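So the structure is just underneath, and the comments pick up after that.
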Amino acid sequence: MEAIILHLPGKRIGKIIGKLQNENIKTKSIIWTPEKSLNGNIVNANMVLLHLTSPERNILSALPDLRKKKYLMPVAVLDESENMETKKIAFDMSADGYFSKPFSYIKLATELKHLVCRKAVQHAQRWLKACNLWLNLENRFVRREDQIIPLRNKEFSLLEYFIINRGKILTRNSILEYVWDRNANFASNTVDVHVNRLRRKIDDPFHDKLIHTVYCVGYIFDKRKKSGK
């Protein structure tokens, strides 16, 4: 499990990182300021922790920023300020968990792992995930890293089929049967045209490519360092 701690400049969090890592939670710290935008490094974490050491609660404004960017991982508050009013404010701002000192790090780690599991169950029926790409089946949008990517209906269905069959070679005929009405009239290159459009949106702007051509057969969807288009 991986966690990211957002904290204010000059705050010492080495002890927290060390204690959580002892409980098999790989932890990375990121300095937060109101002017600094949250970056794509957060997308790979299982959860985000907001660290407080004083009654000043500016860092809680990261919560609506995370929700606006549709990050799916749970967000919890670690409060060392011993100000109980912060708990109510944190939950009012959509925090998934709140923990105050004194910390029992064994108990804290257990609670954090349970929080991640509960959040995953909540999203399981609404989301498909492949690498750093998320497909929301309920609201029909796609996010890769920190970017929301608009797709047309056929592109969305095509990506859904790719993710469901990640790592499998898919023939053009199988793609046609899933995405299109088999009784519809379409050109012989319909699949290739739509795959290329999808590539331009979800692959070209990113380092790791997910859609790969299997020549004379069809396509395979999976993460590779190099892509043969």
Top-ranked residue in region 120-139 [being modelled with pLDDT under 75 and outside any loop (DSSP other than H, G, I, E, B); ranked as nearest to residue 45 (Cα to Cα)]: 120
Scope region 28-44; condition modelled with pLDDT of 85 or more and either more than 22 Å from residue 57 (Cβ to Cβ) or of a type in the set (Gly, Ala, Ser) (or both); matching residues: 28, 29
Out of 79, 92, 96, sole residue that is farther than 21 Å from residue 143 by Cβ, touching a helix residue (DSSP H, G or I) at 6+ places or on another chain (Cβ under 7 Å) and among the charged types (D, E, K, R): 79
Checking residue 176 against (1) assigned to a helix (DSSP H, G or I); (2) at pLDDT below 80, the condition it does not meet: (2)
Unmet requirement for residue 62, which otherwise passes all of (1) more than 20 Å from residue 133 (Cβ to Cβ); (2) without any contact (Cβ under 8 Å) to a residue 40 or more places away in the chain: (2)
Criterion (under 19 Å from residue 106 (Cβ atoms) and among the charged types (D, E, K, R)) met by exactly one of 26, 70: 26
Residue within region 194-207 that is exposed (fewer than 12 other Cβ atoms within 10 Å of the Cβ), more than 20 Å from the chain's Cα centre (by Cα) and modelled with pLDDT of 95 or more present: yes
Unmet criterion (only one of (1) polar (S, T, N, Q); (2) within 29 Å of residue 44 (Cβ to Cβ); (3) over 28 Å from the mean Cα position of the chain (by Cα)) for residue 174: (2)
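The values are calculated or read from the model by the stated rules, or taken from the named source; none is laboratory data. Just so we're clear, the structure is a prediction, and the values are computed from it rather than from any experiment. Don't worry about glycine lacking a Cβ; one is built from the backbone with ideal geometry, like all the others, and counts go over all protein chains shown.
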